[in-house]
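The values are calculated or read from the model by the stated rules, or taken from the named source; none is laboratory data. Model, not experiment: these values are computed from the prediction. Because the Cβ atoms are built from the backbone with ideal geometry, glycine has one as well, and the counts that use them run over all protein chains shown. All accessible areas refer to the heavy atoms of the entire protein, side chains included, with ligands and DNA or RNA removed. Shrake-Rupley method; radii C 1.70, N 1.55, O 1.52, S 1.80 Å.
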Amino acid sequence: MINIDLTGFKFIINFDYVAIMIMAIMLIYMYIGRLVSLRRGKIFTIVIILSIVATTLDIFRANIINGIVSAHNYDANLILLVNIIQTLYLLVLFILTFSFFSYIIDISCGLAYLKKKKLMLILLMLPALAMFVITVMNFFTDTLLKFVLTNGRFYLRLNFTLLLVTFSLTLVYLVLTIVFMIRFKSVFEKKQTIGMSLILPLVAVGVITEIMVDKLLVLSFMISMCIILVQTVLESSEDLVDEKTKLYNISEFVKRVRKVYINKENKYLLLIKTTNYPELLKEYSSNEVYEFNMLVTQTLNETRKKSKMKDELFSLNDGYYASIMSGESIKFADSDDFRDSIVANEIRIDFIPVIERCLIELPNDFDSADEVINFVNNYRQAITFNRVFTVYHDVKGDKNLVIANHLEQIIDTGLKENEFVVYYQPIYSIRNKKFKTAEALVRLNSKKYGFISPASFIPYAEKTGRISEIDSFVMEEVFKFVSSSIFQVLGLEYIEINLSMAECVDLGLVDRIKELLDRYSVDPKNINLEITESFDTSEMEIINNNLNKLVELGFKFSLDDYGTGYSNIHRFSSLPISIVKIDKSLVDESEDTNIKKLLDYSFNIVKDLDKQTVVEGVETKEQLDRFIDYGATYIQGYYFSKPLNYESYIDFVQEKNE
Ligand code: C2E
Ligand code: CA
Ligand code: CA
């Protein structure tokens, strides 16, 4: 224990005032820059607030002591107050260090990472706990440092060794900060790690100066310097970085692609997408998704380092990445290194990503940055090459790709310019030997791109939500037809309309259909809605709710695409289905022995459940006869007719049903 005589003592507080001003400005900046909306921003804001509190306490205590000393007013209560503030000051200082460390954990590996490592978490808490105990104990005994009045003199009594030990514990966290930044260096840029390493010496200088030059309060000032440092090195990048992956985000990517076109740079763009990412989101917890994202980020960074790639890496959300690189890095693009190392790295989560990559040559492959960005957006969802690796140049001229690249615009124009048309494919009733029904199939005849198959635009429209406009159009056309006198004259039973799954989960579906029913005064029994089985059971409630309401209104349903894998027999009982549509693939392979077994079984069940069948895609007489033998109710296929436009369909039925 040493006693420092405080007679004539005066703390120099000026640095503290400057510090508090800097901290206040930083705090305001955090709010104005909306940086507090992210978790890391919140934690960092807490760090700043704690620094302000600590500095305020520091100032308070110093001022009171300065007052006591200059007025020779050694009031016992005042001295007690000083000791209380002193204790609070130290506690806040330690909490501050610890929260700063939490901030670093959050931005490096994530707090979720530590939750799993209980032992490590406990070890990390120990120094904080020790500091806490020492400080609180100090208040009741004189163990660390205390302001005391003995023999009429005012002293600061301190245990130098313990003081050093306590502050060293604080420094432990600052050392750990650097350790964590190095351990998770792949999520930081080099200059960030270097910048952050400066914190330790800054704080150390502050602590040492305060201990050595005991009048000079500079620690808070050093802390405010650290806050500026963190702010510039780590927090200013908020609008550049994707929070989930710590990689540059989409808007940075868009800016970069534009720059390529502006500067006419020769670059390669590699798109990397996890095609089964939706499964990850569905099956795993948000912590596991987070871990997967971090894993991918790490792997991508490791692979880049290993192959000494000079590239820029972007996260385009949800398991989708882009890398802009120069020619020499391109060998990485078609190697399987990346995928293999993700799988090899996969220790914490057993999700096997399915990765698809596409290599684009910039600026040659696209005329403008906007076209690149449009393709990048479509490639995420609507376009797939069903290959692990595709060189864009090789598929560039493909008409389907050209169309796929312009689908949004094509659908838009189609709806505005009435380019959509409804075709009807006649369906033959075996019992009546007549064409009693038809399936409505949408067609798009684009003025610019010619005929476009629904197989290419329906999936896209389902993903982007445009499907409801298309289906509404089809429905309206069919309702008009059904409510017209010609429908009765032809003796038709009903028309089948495809109802996409994206529509079945739409809460507004029933109201939309009701409105159309009223407008065209259609009898719902003349409509049959074709649905496919959803493989997303999480939405079953909405789907069942919608379908049951439609059944109440009097609609009937067909189960489309039976046999394609998404539909199974168990679902017959749970869905209000009256017709099962046997898919073309079963018809094509109806000579195969296993398929024969499946067909026998299916037709038996369907009969048992009292449902009817439409066999789709029948192209030959043999197929027709085979399915008549199976006891099918209806036949649809090119054997009888392709889908026809309205006029041709009317003519066809009139002629054939005579
Ligand atoms: P789908 O519902 O399975 O429709 C049957 C498809 O098989 C139609 O293709 C039809 O033209 C074709 N097809 C019928 N018989 C034969 C045959 O004997 N041989 C061959 N090779 N093909 C045959 P399409 O019109 O190209 O439609 C493709 C898919 O697009 C449809 O499959 C359906 O899922 C979707 N789709 C078509 N129109 C609409 C619509 O209005 N709304 C919604 N939501 N989807 C639609
Ligand atoms: Ca269909
Ligand atoms: Ca079908």
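Residue-level check: of (1) away from ligand 2 (no atom under 16 Å from the Cβ); (2) part of a helix (DSSP H, G or I), Arg431 misses just (2).
Evaluation of Asn364 against the conditions (1) part of a loop (DSSP other than H, G, I, E, B); (2) in contact with a strand residue (DSSP E or B) (Cβ under 8 Å, 6 or more places away or on another chain); (3) at pLDDT 85 or above shows that the sole unmet condition is (2).
Could you tell me whether Asp394 is in the same structural domain as Glu477 (by TED's automatic domain parsing) and either farther than 18 Å from Glu462 by Cβ or acidic (Asp, Glu) (or both)? Spelling it out, it is not the case that Asp394 is in the same structural domain as Glu477 (by TED's automatic domain parsing) and either farther than 18 Å from Glu462 by Cβ or acidic (Asp, Glu) (or both). Here is the figure for region 586-620: residues that are over 23 Å from Lys434 (Cβ atoms), open to solvent by 40 Å² or more (accessible area, probe 1.4 Å), outside any loop (DSSP other than H, G, I, E, B) and within 16 Å of ligand 3 (Cβ to nearest atom) total 1. One residue alone among Asp471, Asp561 is in a helix (DSSP H, G or I), buried (at least 18 other Cβ atoms within 10 Å of the Cβ), in the same structural domain as Thr613 (by TED's automatic domain parsing) and within 16 Å of ligand 2 (Cβ to nearest atom), and that residue is Asp471. Of all positions in region 479-491, none carries a residue that is more than 18 Å from Val442 (Cα to Cα), more than 16 Å from ligand 3 (Cβ to nearest atom) and of a type in the set (Lys, Arg).
Out of everything in region 621-633 that is part of a loop (DSSP other than H, G, I, E, B) and on the phi < 0 side of the Ramachandran plot, what residue ends up being least open to solvent (accessible area, probe 1.4 Å)? Applying the filter and picking the extreme gives Ala632.
Out of everything in region 441-468 that is open to solvent by less than 20 Å² (accessible area, probe 1.4 Å), within 16 Å of ligand 2 (Cβ to nearest atom) and at pLDDT below 95, what residue ends up being farthest from Pro426 (Cα to Cα)? Top of the filtered list is Ala461. Residues of region 634-649 that are surrounded by fewer than 18 Cβ atoms within 10 Å (Cβ to Cβ) and not acidic (Asp, Glu): Tyr638, Tyr639, Phe640, Lys642, Asn645, Tyr646, Ser648. In this structure, is Tyr423 within 16 Å of ligand 3 (Cβ to nearest atom) and either modelled with pLDDT of 95 or more or open to solvent by less than 40 Å² (accessible area, probe 1.4 Å) (or both)? Considered against the rule, which asks whether it is within 16 Å of ligand 3 (Cβ to nearest atom) and either modelled with pLDDT of 95 or more or open to solvent by less than 40 Å² (accessible area, probe 1.4 Å) (or both), Tyr423 comes out as yes. So, Lys246, is that one assigned to a helix (DSSP H, G or I) and outside the structural domain of Leu57 (by TED's automatic domain parsing) or not? The answer is no for Lys246. Scanning region 148-177 for residues that are of a type in the set (Phe, Trp, Tyr) and closer than 23 Å to Lys10 by Cβ yields Phe154, Tyr155, Phe160.
Beta carbons closer than 8 Å, at least 6 apart along the sequence or on distinct chains, pair a first residue in region 449-470 that is farther than 10 Å from Ala502 by Cα and within 7 Å of ligand 1 (Cβ to nearest atom) with a second that is of a type in the set (S, T, N, Q) and open to solvent by less than 50 Å² (accessible area, probe 1.4 Å) for Ile458/Ser500.
Do we find that Leu516 is part of a helix (DSSP H, G or I), surrounded by fewer than 18 Cβ atoms within 10 Å (Cβ to Cβ), away from ligand 2 (no atom under 16 Å from the Cβ) and assigned by TED's automatic domain parsing to the domain that holds Val421 in this structure? When the stated conditions are applied, Leu516 passes them.
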